[in-house]
Amino acid sequence: MSSPDDEDLQQHRTYLLRYAIVQLRDSELAEDVVQETLLAALEGRARFSGKSTHKTWLTGILKHKIIDAMRRKSREQPLTATEDESEADAIDAMFKQDGHWQQFPASWGNPEKSLEDKRFWSVFEACSQLMPARTARVFMMREVMELSTEEICKELSITPTNLWVMLHRARLSLRECLEIKWFGGKT
Amino acid sequence: MPGNQVVRGQDVKLRMLGLSCKDASALLSQAQERTLGPYERLKLRLHLGLCDGCTNFRRQLEFIRAAVRRYRDS
C-alpha cells in the first residue's frame, strides 16, 4: 500500500473516534486524540511502511496518543485512597458477609453465539458504561490495548494490587450487568 | 439461580480450604494478569471442583475478554 494522503486517513476517522471514546469515556478528549493522531500520521506518512493497512497503522499511533492522554489524566487526577476504597467496597457489595456470591453466576450456555447478535452489542456497550470512568479506563488499557500489569502500573503510578482490584471490579460489574440484561432471559 | 449455592456439606469443606467464592473469584480474575502460584492453583482447583458459581464465573471471564476484543476489532 502506498503512503496515504489526507483523504485516505480521514476515512478512518469514525473508527478511530469510536475506539478512543470507548477507552477514554470522554468524547471531547477523544476528538483531540484522534485529531492529534491524524496530524501525526500526515506528518509521518513517509514512514508508513506499507507492511500493514492504513487502519492498523493509524490504530497503532492512536494507541500511543491514548496512553499519553491517560497518563496526563492520571497525573491530574491521581488515585485517591477513597477511590481505592470504593473499588474494594464495590467488590464487597457483590458478596455476602461469608464470602458467597450475592448473585450466584449462572451458566451462560454457549455465550459466543451472542457475539453475532446486534442487540447483544448495545447491551454490552450499555453495561460497560456502568463502571466508573477511571475503572473503565484501566479495564480498556488492559483488555483493548492489551498492556501488561507492569506497563499499566508504570503509566498510572499505581501498584499491581490496586490494578487487580480495579480490573476485578470491572469484570464483576460487567458480568453482573450482562447476566441481568442479556443472559438472564436466555438460560 | 440463587438456589443452587453449594450444598451444606461442601460448604463446610470449602471454608476449611480457606477459599471463599470472593477469594476464588479474585484469583480467577488475577489469573488473567499473572501466573498463579502452585498453592493458589491447588486451592482454586479444589474450590472449582465443588462450586458451580465460580466455575461459571471462570467461563464468563473468558467470554468477556473475547467479547471486548471482538468489539475492538469490529
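Computed from the coordinates by the stated procedures, all read-outs in this text should not be read as laboratory data. Keep in mind that this is a model prediction, so the values were computed, not measured. Quick reminder, even Gly has a Cβ in these numbers, built from the backbone with ideal geometry, and neighbours come from all protein chains shown.
Things to note:
- Label point at A:Tyr15 placed 7 Å out along Cα→Cβ; residues across the range A:38-74 whose backbone nitrogen lies under 11 Å: A:53-60
- For trypsin sites (Lys or Arg not before Pro), the sites in the range A:19-84 that DSSP calls loop and that have at most 13 other Cβ atoms within 10 Å are A:Lys51.
- Averaged over the residues of A:106-118, the number of partner chain Cβ atoms lying within 10 Å of the residue Cβ comes to 3.
- Overall form of the range A:6-76 per C-alpha gyration tensor (a/c, 1.5; a/b vs b/c): prolate
- Charge dipole magnitude, Cβ of K and R +1, D and E -1 - the range A:6-76, Cα centre, debye nearest 20: 420
- Taking chain A as a whole, the Cys residues whose C-beta sits 4.7 Å or farther from every other Cys C-beta are A:Cys153.
- Partner lysines for A:Lys118 [C-alpha distance under 27 Å; skip if fewer than 8 residues away on the same chain]: A:Lys55, A:Lys63, A:Lys181, A:Lys186
- Calculated FRET value between A:Asp98 and A:Ser148, using beta carbons and R₀ = 30 Å, to 0.05: 0.30
- What the Cα atoms of the protein assembly as shown give is an Rg and a Dmax of 20.5, 69 Å.
- The range A:44-68 and the range A:160-181 have Cα centres spaced 31 Å apart.
- Each label point was placed 7 Å from the Cα along the Cα-to-Cβ direction; for A:Ala126 and A:Ser27 their separation is 1.8 nm.
- Globularity index of the range A:81-185 is 1.15 (Cα radius of gyration / 2.2 N^0.38 Å, N = number of residues).
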